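Only one structure is covered here, and it is reproduced in the block below.
The values are calculated or read from the model by the stated rules, or taken from the named source; none is laboratory data. This is a predicted model, so every value here is computed, not measured. Counting neighbours? That spans all protein chains shown, and the Cβs are built from the backbone with ideal geometry, glycine included.
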Amino acid sequence: MSEGKLKTAVLGLNDKGRLLLEAASQSEHFQIEAVADKDGKLAESVATEYQCAAFDDYRQLIIAMDSRLRGDSRCLLIAAGIYSCEKQIRAAMKKKFNILKLAPAARNFEEAAEFVRLAEDENVKFAVANPSRFAQAFLALRQFLQEGRIEQIFLITAVCAVGQQQHAAWQTDPELAGGGVLLRNCYQIIDQIVWNFAMPQQVYSLNTNQAGDRQQRQYLTEDTAVVTVKFTDTFIANLIVSRAFGPEQEFLKVYGKDKILTVSNTRFTVSDALGRVSEELEYDDDQLCRYRALLKNFALSIVSPDKNKLCSSARENLRDMAVIESAYLSARTGMPEQPGRILEMASARSGKTINI
């Protein structure tokens with residue numbers, strides 16, 4: 001039965017796009033109508049598997065769905081790079097499609113803010129898929145913090161080692177990608193820090209890559225970054241991210257008066273300053289489980305918004321984008337930058353206050 005389901009298309013059939021598609025196909029809330037990828041043969045193969053239409057042109061997919069499914073609740077799940085579908089996202093919003101975009105929200109803060117304003121003008125949902133928000137270990141961290149079980153937090157340290165993963169050539173181009181590891185690989189960790197604590201007052205960043213000379217480095221996205229942020233005079237954080245070393249790992253540590261919290265995608269640990277563990281929780285949820293959870297939240301926020309709040313709206317994600325924008329600006333100026341000013345300047349340009 002497809003009645004009452006969101007009529008859905010997936011743009012971009014990379015690994016994450018295929019995972020998003022698999023999770024949506026397993027949900028009672030989505031009816032897969034179409035898939036699209038610039039690789040037409042891949043789109044045809046996947047469409048055969050899911051018994052839906054295939055497109056190698058994102059614009060044609062939106063036109064076809066709009067003409068055939070008028071009056072239905074429709075949504076696009078987007079895994080493709082923004083550079084390849086930015087115009088189509090805008091067109092889809094104007095045709096009343098709800099949008100779920102895999103993080104990052106956009107290539108830069110200004111582009112993300114424009115998407116947010118357009119979605120709100122058109123009264124459609126625009127959400128950012130942050131699967132770590134639905135990881136059991138990170139949810140355990142959030143509950144621990146909300147219950148006030150750690151006092152006087154003064155330091156956060158985080159590591160995101162991407163390892164020697166394959167990445168598309170366009171991801172090294174600043175114009176097409178918007179940024180490197182900070183934007184594309186570290187978004188989840190930054191989101192966890194901002195979501196659970198606050199948007200920092202100041203951000204200082206050093207970015208580099210392994211290019212052979214300085215001139216060449218200027219035309220490539222960063223593959224390594226060290227970011228230091230200040231929340232208050234007594235609370236700071238430090239983040240190291242790179243795809244130049246491995247093994248692949250991602251974790252966050254929170255230091256308080258008498259406790260240290262360590263969290264990764266599958267483990268949450270509480271220890272003291274001497275490393276003695278008092279609590280350790282392990283979880284077996286995987287990426288597919290997290291994608292199913294975030295898709296359920298997205299769908300319910302559309303079909304019954306009064307009862308179900310969207311967990312990761314694009315407007316909320318503007319805080320993450322402001323922090324990342326500040327990091328890139330700091331790497332250029334060599335000075336600490338203020339995410340709050342990014343939000344203030346955006347409000348001044350648009351004539352609307354950006355409240356988050």
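When Gly71 is tested against (1) surrounded by fewer than 16 Cβ atoms within 10 Å (Cβ to Cβ); (2) assigned to a helix (DSSP H, G or I), just one condition goes unmet, and that condition is (2).
The criterion of at least 3 residues that are surrounded by 17 or more Cβ atoms within 10 Å (Cβ to Cβ), within 19 Å of the chain's Cα centre (by Cα) and assigned by TED's automatic domain parsing to the domain that holds Leu139 is met by the following strands (runs of 3 or more DSSP E) wholly inside the range 226-292: 235-242, 249-255.
The single residue among Gln249, Gln201, Gln218 that is under 20 Å from Arg184 (Cβ atoms) and either in contact (Cβ under 8 Å) with a residue 12 or more places away in the chain or in contact with a strand residue (DSSP E or B) (Cβ under 7 Å, 6 or more places away or on another chain) (or both) turns out to be Gln249.
If you check Leu343 against the conditions, is it surrounded by 19 or more Cβ atoms within 10 Å (Cβ to Cβ), farther than 23 Å from Val162 by Cβ and at pLDDT below 95? Considered against the rule, which asks whether it is surrounded by 19 or more Cβ atoms within 10 Å (Cβ to Cβ), farther than 23 Å from Val162 by Cβ and at pLDDT below 95, Leu343 comes out as yes.
Please verify whether Gly40 is surrounded by 17 or more Cβ atoms within 10 Å (Cβ to Cβ) and at pLDDT 95 or above, treating the condition exactly as stated. When the stated conditions are applied, Gly40 does not pass them. Taking the criterion of being without any contact (Cβ under 8 Å) to a residue 12 or more places away in the chain and within 22 Å of the chain's Cα centre (by Cα), the residues of the range 303-328 that qualify are Pro305, Asn308, Lys309. Look at Asn207 and say whether it is within 30 Å of Ser73 (Cα to Cα) and in contact with an Asp or Glu (Cβ under 9 Å, 6 or more places away or on another chain). Criteria not met by Asn207. The number of residues in the range 7-25 being part of a strand (DSSP E or B) and among the hydrophobic types (A, V, I, L, M, F, W, C) comes to 3. If you check Ala161, Ala211, Ala168 for being at pLDDT below 95 and touching a Phe, Trp or Tyr at 6+ places or on another chain (Cβ under 7 Å), only one passes: Ala161. Looking only at the range 194-204, residues that are surrounded by 24 or more Cβ atoms within 10 Å (Cβ to Cβ) and either modelled with pLDDT under 95 or outside any loop (DSSP other than H, G, I, E, B) (or both) come to 1 in all. What do you reckon, is Glu49 surrounded by fewer than 19 Cβ atoms within 10 Å (Cβ to Cβ) and more than 22 Å from the chain's Cα centre (by Cα)? Yes, satisfied. Quick one: Lys101 ticks every box in (1) farther than 20 Å from Arg290 by Cβ; (2) buried (at least 20 other Cβ atoms within 10 Å of the Cβ); (3) among the basic types (Lys, Arg) bar one, so which box is it? For Lys101, the failing item is (1).
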